[in-house]
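Reading through the structure tokens given below for one structure.
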Amino acid sequence: MFSANAKSYRAVCLALALALSAGLAFQAQAADAKAGQVKAGMCVTCHGALGLSTMPNAPHLAGQPAIYIEEQLKQYRSGKRANEVMAVMAKPLTDKEIENLAAWYASIPIEVGQPR
Ligand code: HEC
């Protein structure tokens with residue numbers, strides 16, 4: 001009886017350890033919005049400190065889904081989406097930096113109201 005319990009105890013411990021290490025691995029890969037915010041220093045002039053654009057021809061980025069921002073940045077980088085300014089901005093970005101930037105802008109809450 002005791003040995004059966006010890007066995008199941010070991011099984012539970014193993015399961016916990018696996019779950020924990022899977023969680024840590026996930027965390028290590030997850031996008032880092034804080035790092036994205038730092039990187040976004042180079043985007044502030046046009047897209048604003050909180051993703052509300054300060055230039056009339058630059059789109060707002062606050063609250064956009066991360067998957068959308070990521071895709072647009074990759075397309076600017078590859079040239080699939082053509083824009084002179086954004087091509088220059090996106091060219092040096094790594095996949096990780098793009099993920100972090102996307103996580104940062106996606107994490108900014110936005111509010112809308114009824115049209116005036
Ligand atoms: C000099 C101004 C300027 C800077 C700096 C700049 N952008 Fe832009 N960004 C623009 C303009 C203008 C557009 C619209 C381009 C177009 O028509 O495709 C744009 C478009 C985008 C879009 C597409 C948004 C959408 O709704 O499709 C993303 C994403 C973006 N910028 C991210 C960034 C990031 C991240 C940075 C910093 C690494 C950055 N931009 C720096 C001017 C700028």
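Note on Lys80 and Lys34: their simple-model spin labels are 3.2 nm apart, each label 7 Å out from Cα toward Cβ. Of the residues Met86, Ala35, Ile69, the one whose Cα sits farthest toward the positive end of the charge dipole of the stretch 32-107, with +1 on the Cβ of Lys and Arg and -1 on the Cβ of Asp and Glu, is Met86.
Extension gain for Lys91 to Met42 (0.36 nm times residue separation, less C-alpha to C-alpha distance): 16.3 nm. Distance between the modelled labels on Thr54 and Ile110, one decimal in nanometres: 1.9 nm (7 Å Cα→Cβ projection).
Each reported figure results from applying straightforward, stated rules to the coordinates on display, with no laboratory input. Please read all numbers here as calculations on a predicted model, not as lab measurements. A quick note on method: Cβ atoms are made from the backbone with ideal geometry, for glycine too, and the neighbour counts reach across all protein chains shown.
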